[in-house]
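Take a look at the structure below.
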Amino acid sequence: GGARPPLGIFPSPYPLPARQDNESDPDPDRARKWSALKTLRKEFEDTVSDLVRREKELKQTVQMLEDKLSLEAKESREALSTVQHQAKAEADQMNEQSLSDIK
């Protein structure tokens, strides 16, 4: 094998389109395709940013619901505890009453 030519002398077998306004392509069919591609890309980017925004909103909603649930659970435990204390106090009172009735 001979010395390899410096890169850039020979064109790539798959030339990449230059990042430019390809809609001014002289070939109308290619220009139309570039335009459609650009539109699709814009729609894709919009969709992605919309999804990112909605994900953020969903995370906030989930957090809010978790906070609300944990607060409700705490309140339920407190209410249950209060009811249990009241029931025990009433039972103790009834026991004392029945004990004094027996005497």
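Against the definition (within 33 Å of the chain's Cα centre (by Cα) and either at pLDDT 85 or above or not in a helix (DSSP H, G or I) (or both)), how does Val83 come out, yes or no?
no
Could you list, in sequence order, the residues of segment 28-47 that are hydrophobic (A, V, I, L, M, F, W, C) and either open to solvent by 100 Å² or more (accessible area, probe 1.4 Å) or modelled with pLDDT of 95 or more (or both)?
Correct list: Leu40, Phe44.
Please go through segment 24-62 and pick out each residue that is touching a helix residue (DSSP H, G or I) at 6+ places or on another chain (Cβ under 6 Å) and not small (Gly, Ala, Ser). Step through it out loud before you land on a result.
Of segment 24-62, the ones touching a helix residue (DSSP H, G or I) at 6+ places or on another chain (Cβ under 6 Å) are 25, 31, 34-35.
Asp25, Trp34, listed by residue number.
For the condition open to solvent by less than 90 Å² (accessible area, probe 1.4 Å) and modelled with pLDDT under 85, what is the one hit in Asp50, Asp25?
Details: Asp50 fails: modelled with pLDDT under 85.
Exactly one of Asp50, Asp25 is open to solvent by less than 90 Å² (accessible area, probe 1.4 Å) and modelled with pLDDT under 85, namely Asp25.
The values are calculated or read from the model by the stated rules, or taken from the named source; none is laboratory data. Bear in mind that the values here come from a model prediction, so they are computed numbers and not experimental data. Every residue, glycine as well, gets a Cβ built from its backbone with ideal geometry; the counts of neighbours run over all protein chains shown. For accessibility, only protein heavy atoms count, side chains too; no ligands or nucleic acids. Shrake-Rupley method; radii C 1.70, N 1.55, O 1.52, S 1.80 Å.
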